[in-house]
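Remarks on the structure that follows.
Each value in this text was obtained by applying a stated rule to the coordinates, not by laboratory testing. Keep in mind it's a predicted model, so treat the numbers as computed, not measured. We place every Cβ from the backbone using ideal geometry, glycine too, and count neighbours over all the protein chains shown.
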């Protein structure tokens, strides 16, 4: 059970550690209306009308790793960064994540090397939360600067029209 100070995931789909054997597992998950509303608030969306994913989990390599090969699909509405009009989008994104089943990986200091590959995620005490993994991948797939069709930023004033143009004309007038 999570402590009251630990934030609850809006979209949680746990796969317990004891299910992560040698046999590949395929999971299909979809967010319910309340979960989608909570994720929309979390990511600053006007709406999240659909979020689903298909995920394959399998053991990987000689280490105690689990590879998650997933594909998400979502229908989102964001606010245009110029006009604030609703901008709808259909998102599809494939992704691969690695999780480390070793208990030691979940504890201790983490050393990050900028040039190194991203280390596998530690598996929590309750297993792998596929819902949270999909939510994080959705966040990556979102357009950081959505624009409504035809929306454009105001043009920058040209040098001849700007405040320094007056100074330039005074300088030339001497």
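Projecting label points 7 angstrom from Cα along Cα→Cβ for residue 169 and residue 102 puts them 7.3 nm apart.
The slack in the chain from residue 18 to residue 117, taken as 0.36 nm per residue of separation less the alpha-carbon distance, amounts to 32.9 nm. Mind putting together the pair-distance distribution for region 14-173? All Cα pairs, 5 Å bins, whole percent per bin, short to long. Here the calculated profile for region 14-173 is 2, 8, 14, 14, 13, 11, 10, 7, 5, 4, 4, 3, 3, 2, 1, 1, 0. Modelled spin-label separation between residue 142 and residue 73, with each label point placed 7 Å from Cα along the Cα-to-Cβ direction: 2.2 nm. Our summary gives region 14-173 a relative contact order of 22 percent, counting only alpha carbon pairs under 8 angstrom and 6 or more residues apart. Each Cα pair under 8 Å and six or more residues apart adds its separation to the average, and for region 13-56 the resulting relative contact order is 46 percent. Inter-label distance, residue 81 to residue 60: 3.1 nm, where each label sits 7 Å from its Cα along the C-beta direction. For region 59-80, list residues with backbone N below 20 Å from a point placed 7 Å from the Cα of residue 30 toward its Cβ? Counting only backbone N, you get 70-77.
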